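A.B. asks: Quick one: the structure is below, questions incoming.
The values are calculated or read from the model by the stated rules, or taken from the named source; none is laboratory data. Note that the structure is predicted; figures quoted are calculated from it, not measured. Backbone-built Cβ (ideal geometry, glycine too); neighbour counts: all protein chains shown. Protein only, heavy atoms only, side chains kept; ligands, DNA and RNA dropped before computing areas. Shrake-Rupley method; radii C 1.70, N 1.55, O 1.52, S 1.80 Å.
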Amino acid sequence: MIELAPSILSADFARLGEQVNRAAEGGGTVIHVDVMDGHFVPNITLGPQLVRSLRKATKLPLDCHLMIEDPDLYIPAFADAGADWMSVHYEACRHLDRTLNLVKNHGLQVGVVINPATPVGTLEEVLDMVHHVLVMSVNPGFGGQKFIPSSLEKVRKLALMRTARNANFRIEIDGGMAPDTIGQAVRAGVEVLVAGNAVFGQGDPKENAQRLLKLATEATLQRV
Ligand code: DX5
Ligand code: ZN
């Protein structure tokens, strides 16, 4: 099953509830929440308080993508605020196994994220414990960047690794998803498509989400 995860990074924060619900009407089934600390990435976004408000505005699962250093310090607060999925960067965790377990022990669906320059092979030892693997297809920090095509090969490799070890994680991609890139991602094996700018950047989030999902669904028919 293919899911669209609208990323609120490009939404109008003054009308967030309304925009998120519009994207959900268009078929978005997971709300992607980008948390940035100004250290791990050169941008600052939002904290647990906004997640708490969002929790009241939508019933959809909130997918918190932590682009922060020392995630262990903040995982409890985001869990308490109402996160459902939570992913941490391989590059930000000195003790990745411990951090993934911490997320799990808070009752959340745990994910691991890799930057464009990080090879998928480095995740071998944690693939059996995660609910999703998030492949960054841009360097994290900003919405509206250009898709990095080499991420498709990483998605294909991950899908093969999953089959080889009979694992169950979902493959998510984040960055540069737009009408001209979404089909390639689906054909490579992506199941959860994050899209910020393409949903909230301009026009109606409902229509944008519908269009992206239509293209994604058509691409499933062309998978080889
Ligand atoms: C980037 C974020 C993304 C971002 C993607 O650091 O992790 O989730 O919102 O934005 P688009 O879809 O605009 O490339
Ligand atoms: Zn993200």
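A.B. asks: With (1) open to solvent by 30 Å² or more (accessible area, probe 1.4 Å); (2) outside any helix (DSSP H, G or I); (3) without any contact (Cβ under 8 Å) to a residue 40 or more places away in the chain as the list, and ILE171 as the residue in question, which single condition is left unmet?
C.D. replies: (1)
A.B. asks: Any idea which of ASP97, ASP70 is away from ligand 2 (no atom under 16 Å from the Cβ), closer than 16 Å to VAL133 by Cβ and not polar (S, T, N, Q)? Spell out how you get there, then give the answer.
C.D. replies: Details: ASP70 fails: closer than 16 Å to VAL133 by Cβ.
Answer to the selection: ASP97.
A.B. asks: If you don't mind, another one. Confirm whether ALA81 is open to solvent by less than 10 Å² (accessible area, probe 1.4 Å), away from ligand 2 (no atom under 14 Å from the Cβ) and under 17 Å from VAL30 (Cα atoms). Write out each step before concluding.
C.D. replies: Values: open to solvent by less than 10 Å² (accessible area, probe 1.4 Å): yes; away from ligand 2 (no atom under 14 Å from the Cβ): yes; under 17 Å from VAL30 (Cα atoms): yes.
The answer is yes for ALA81.
A.B. asks: Of the residues VAL33, VAL41, which is within 14 Å of ligand 1 (Cβ to nearest atom) and over 19 Å from HIS132 (Cα atoms)?
C.D. replies: Numbers: VAL33 fails: over 19 Å from HIS132 (Cα atoms).
Exactly one of VAL33, VAL41 is within 14 Å of ligand 1 (Cβ to nearest atom) and over 19 Å from HIS132 (Cα atoms), namely VAL41.
A.B. asks: Identify, from the list ALA57, ALA11, ALA5, the residue that is hydrophobic (A, V, I, L, M, F, W, C), under 23 Å from GLN202 (Cα atoms) and more than 12 Å from ligand 1 (Cβ to nearest atom). Walk me through it before giving the result.
C.D. replies: Numbers: ALA11 fails: more than 12 Å from ligand 1 (Cβ to nearest atom); ALA5 fails: more than 12 Å from ligand 1 (Cβ to nearest atom).
Only one candidate qualifies: ALA57.
Okay, residues lined up against (1) free of Cβ contacts under 8 Å to residues at least 24 places away in the same chain; (2) open to solvent by 10 Å² or more (accessible area, probe 1.4 Å); (3) assigned to a strand (DSSP E or B); (4) farther than 22 Å from SER10 by Cα:
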{"site": "VAL113", "(1), (2), (3), (4)": "no, no, yes, no"}
{"site": "PRO116", "(1), (2), (3), (4)": "no, yes, no, no"}
{"site": "GLU124", "(1), (2), (3), (4)": "no, yes, no, yes"}
{"site": "ASP128", "(1), (2), (3), (4)": "no, yes, no, yes"}
{"site": "PRO140", "(1), (2), (3), (4)": "no, yes, no, no"}
{"site": "GLY143", "(1), (2), (3), (4)": "no, yes, no, no"}
{"site": "LYS146", "(1), (2), (3), (4)": "no, yes, no, no"}
{"site": "LYS157", "(1), (2), (3), (4)": "no, yes, no, yes"}
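A.B. asks: Which residues, counting only those in the range 131-176, are among the acidic types (Asp, Glu) and within 16 Å of ligand 2 (Cβ to nearest atom)? Talk me through it step by step, then tell me what you get.
C.D. replies: The initial filter retains those residues of the range 131-176 that are among the acidic types (Asp, Glu), namely 153, 172, 174.
If the condition is that a residue be among the acidic types (Asp, Glu) and within 16 Å of ligand 2 (Cβ to nearest atom), then GLU172, ASP174 are the ones that fit.
A.B. asks: Can you find a residue in the range 191-202 that is in contact with a Gly (Cβ under 6 Å, 6 or more places away or on another chain) and part of a loop (DSSP other than H, G, I, E, B)?
C.D. replies: Within the range 191-202, the subset in contact with a Gly (Cβ under 6 Å, 6 or more places away or on another chain) is 196-197.
Adding the requirement that they be part of a loop (DSSP other than H, G, I, E, B) leaves 196.
For the range 191-202, residues in contact with a Gly (Cβ under 6 Å, 6 or more places away or on another chain) and part of a loop (DSSP other than H, G, I, E, B): present.
A.B. asks: Yes or no: the range 202-220 includes at least one residue that is among the small types (Gly, Ala, Ser), within 16 Å of ligand 2 (Cβ to nearest atom) and open to solvent by 20 Å² or more (accessible area, probe 1.4 Å). Reasoning before the result, please.
C.D. replies: Going residue by residue through the range 202-220, those that are among the small types (Gly, Ala, Ser) are 203, 209, 216, 219.
From what is left, the residues that are within 16 Å of ligand 2 (Cβ to nearest atom) are none.
Scanning the range 202-220 turns up no residue that is among the small types (Gly, Ala, Ser), within 16 Å of ligand 2 (Cβ to nearest atom) and open to solvent by 20 Å² or more (accessible area, probe 1.4 Å).
A.B. asks: What's the total number of residues in the range 41-57 that are open to solvent by 10 Å² or more (accessible area, probe 1.4 Å), more than 14 Å from ligand 2 (Cβ to nearest atom) and touching a residue at least 40 places away in the same chain (Cβ under 8 Å)? It would help to see each step written out before you state the result.
C.D. replies: Residues of the range 41-57 open to solvent by 10 Å² or more (accessible area, probe 1.4 Å): 42-50, 52-53, 55-57.
So of that shortlist, the ones also more than 14 Å from ligand 2 (Cβ to nearest atom) come out as 42, 44, 47-50, 52-53, 55-57.
Filter once more, keeping what is touching a residue at least 40 places away in the same chain (Cβ under 8 Å): 42, 57.
Qualifying residue count, the range 41-57: 2.
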